[in-house]
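The values are calculated or read from the model by the stated rules, or taken from the named source; none is laboratory data. None of these values were measured; they are calculated from a predicted model. Counting neighbours? That spans all protein chains shown, and the Cβs are built from the backbone with ideal geometry, glycine included.
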Amino acid sequence: MTSILDRPLKARTFTALSLRRRLANAIATVLVTLSVAVALIPLVWVLYSVVAKGLNAVRSSEWWTHSQADMTAFLPGGGAYHAIVGTVMQGLVCAIISIPVGIFVAIYLVEYGGDTPLGKLATFAVDILTGVPSIVAALFIYALCIATLGFPRSGFAVSLALVLLMLPVIVRATEEMLRIVPADLREASFALGVPKWKTITRIVLPAGLSGIITGVMLALARVMGETAPLLILVGYSQAMNFDMFTGFMGSLPGMMYDQTSAGAGANPIPTDRLWGAALTLILLIAVINVAARVGVKVFAPETLGRSFSG
Amino acid sequence: MTTPNPADAGSGEVVAAASVEPTATRSLPWGNGKRGRGDRLFHGLSEGSGVLIVVLIAAIGVFLLVRAIPALARDKENFFTYGGNWVTTNTSAMHFGIFDLLQVTVFAALFALILAMPVALGIAIFLAQYSPRRITGPLAYLVDLLAAVPSIIYGVWGLYVLAPRLRPIATWLNEHLGWFFLFATGNASVSGGGTIFTAGIVLAVMILPIITAVTREVFIKTPQSHIEAALALGATRWEVVKTTVLPFGRSGYISGAMLGLGRALGETVALLIILRGTQAAFGWSLFDGGYTFATKIAATASEFNNQYKAGAYIAAGLVLFLLTFVVNAMARAAVAGKDTR
């Protein structure tokens, strides 16, 4: 009787994968690749629809220089100037309030009190704020400013609601950037006797600046397309209004919503305006996104070495 | 002190003697000592901002509650079980309740979630394991771009572009599978497109990038050693994913899905544009119209003219706030459980 040890050692021939395993592998590959395609279809479709349908309205120079004052759904002409101005102003006022607050919250979380009870509470608060639906943010500003404090509906109230939506995005982006700034940089600065606040403003923030700018720009692009606060906190005006504190105010999402109720889909004039405003909004957001990318290049911390840039 | 020659007698004593430890002096500018004015101001500002954000969250809850209570006190119906028509014009006898809103909101969000979850999983697996490195970045960027499109644009696209294309599918489902409650004829026109069917598909597109981003972030953290071990055992690419990436990333996937659900529950304007408002009761059909919390509030918001009327809608907003809060907390808990394991 020969034991297994007596037989000459021979490498097992490589057995091919069973059909079932090969099939499962092939099916999985097809499915995951398909899912990417499935995700890209709506993206391309949405952008194509907006560009194809919006081009008609946007091509006229009047679109960029005139408001919709004295226009009706049956009178072609007019433009989106009032809406562009309104959206940009509301976005800027929102940014002016949220950028400093957001950056200071992030500085507090990273540099001062991340582990203190307040720090943990603030992290939790940012988490909640991230999930607050825009309609709830708008209702809160309504309950606070309009119902309780008695202010009229205005563009400024919209900006305040947008602050609630922009703040968590800025905090998260800034926090993330500050955390990857190496501790060596801070320690080197402290070793030279530089006070902490100067270390933060001169060393830490510049090192993370490019990422912070990206975060701020993306947050700005997001809030500019928000519609829910507009519906609750300010009426839509067809005419110019540069005053943030009184009166109705135009805005691109507001203009789009106004067109949907003015018979877009059936009547070609509001339909053109609807898609024109949509294209303008997309262009505005694209410009901001490009600015974010350029900002990254310009403010990239070249002088601080590349050790943490990748 | 001169260094003793180790060969000399008694030199051991010198070596054995405790050396004098230099006392540490705190020279750090933010230690217990005095801090400069700039430091105090800066610390104060950042701490103040931290406090502000906490106060903001508390204020959201408090103000919504305070504004909702007077209206709730005048509600003649049970706020949680009344699903009928809202009557808020007569402020002494108001009729409002969230039963139908809750059903429509949850139904539409769950439908969107069921559509989006498998696709998001596929994309996350593709980006983490399958895609050539060169195109991973651009592809991830494109998927993220889906999140950059404003929701109102999704709304008008859904109603004016997508809905007409879905009409044949919707009518086919309704005609052939109408016996099943999901495809039964609902309270909105099937061919009109203003249904939860259309809205859910649009919502699915909107929450796709969120689920994908969170899932992918966890998937790419799968330890390389696990993957290599699976490969060494002769696993195919799919088996690698099944045995290493999926078990490792399950919590991230659940968390991403929850965040997507939270977003879907609170989505306002896309649904406001697509869904046909109706007074008819909700019947759990995909071809129903109706109002979600957010669309109900947004549709009536411009008519808020007294505190009771506004209060009724603010009460609905408060429920939505709590609902999204719970869903988001579940998402955080899913990931937090992962970290401690």
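Some points to look at:
- Flag if B:E217 is in contact with a Gly (Cβ under 7 Å, 6 or more places away or on another chain), of a type in the set (D, E) and assigned to a helix (DSSP H, G or I): yes
- Which listed residue is among the small types (G, A, S), touching a Lys or Arg at 6+ places or on another chain (Cβ under 9 Å) and modelled with pLDDT of 95 or more, from B:A148, B:A109, B:A140: B:A109
- Test: residue in region A:71-79 that is within 22 Å of A:P253 (Cβ to Cβ), surrounded by 20 or more Cβ atoms within 10 Å (Cβ to Cβ) and either more than 14 Å from every other protein chain (Cβ to nearest Cβ) or at pLDDT below 90 (or both): yes
- Within region A:80-100, the set of residues being surrounded by 22 or more Cβ atoms within 10 Å (Cβ to Cβ), of a type in the set (A, V, I, L, M, F, W, C), assigned to a helix (DSSP H, G or I) and touching a helix residue (DSSP H, G or I) at 6+ places or on another chain (Cβ under 6 Å) comprises A:A83, A:C94, A:A95.
- Filter result (at the interface with chain B (Cβ under 7 Å from one of its Cβ atoms) and closer than 30 Å to A:A183 by Cα) within region A:120-164: A:L121, A:A122, A:A125, A:V126, A:D127, A:I128, A:L129
- Among (1) more than 10 Å from every other protein chain (Cβ to nearest Cβ); (2) surrounded by 18 or more Cβ atoms within 10 Å (Cβ to Cβ); (3) assigned to a helix (DSSP H, G or I) - the single one B:G289 does not satisfy: (3)
- Identity of the residue in region A:191-207, farther than 20 Å from B:E47 by Cβ and assigned to a helix (DSSP H, G or I), that ends up farthest from the other protein chains (Cβ to nearest Cβ): A:A207
- Residue that is surrounded by the most Cβ atoms within 10 Å (Cβ to Cβ), among those in region A:135-165 that are out of contact with any Cys (no Cβ under 9 Å at 6 or more places or on another chain) and β-branched (V, I, T): A:I135
- In region B:42-94, residue farthest from the other protein chains (Cβ to nearest Cβ) [restricted to those that are surrounded by 15 or more Cβ atoms within 10 Å (Cβ to Cβ) and aromatic (F, W, Y)]: B:Y82
- Remark: pairs (first residue in region A:244-272, at the interface with another protein chain (Cβ under 10 Å from one of its Cβ atoms) and part of a loop (DSSP other than H, G, I, E, B); second residue surrounded by 15 or more Cβ atoms within 10 Å (Cβ to Cβ) and among the hydrophobic types (A, V, I, L, M, F, W, C); Cβ separation under 8 Å; 6+ apart in sequence or on different chains) = A:A264/A:L274; A:A264/B:V156; A:G265/B:L159.
- Residues of region B:128-146 that turn out to be more than 8 Å from chain A (Cβ to nearest Cβ) and either hydrophobic (A, V, I, L, M, F, W, C) or under 22 Å from B:I274 (Cα atoms) (or both), as a count: 3
- Residues that are touching a helix residue (DSSP H, G or I) at 6+ places or on another chain (Cβ under 7 Å) and under 22 Å from B:G252 (Cα atoms) number at least 2 in the following helices (runs of 4 or more DSSP H) confined to region B:87-164: B:99-125, B:133-148.
- The requirement of being of a type in the set (S, T, Y), in a helix (DSSP H, G or I) and over 29 Å from B:T215 (Cα atoms) is fulfilled somewhere in region B:307-325, by at least one residue.
- All positions within region A:50-69 that are free of Cβ contacts under 8 Å to residues at least 40 places away in the same chain and either surrounded by 19 or more Cβ atoms within 10 Å (Cβ to Cβ) or of a type in the set (D, E, K, R) (or both): A:R59, A:E62
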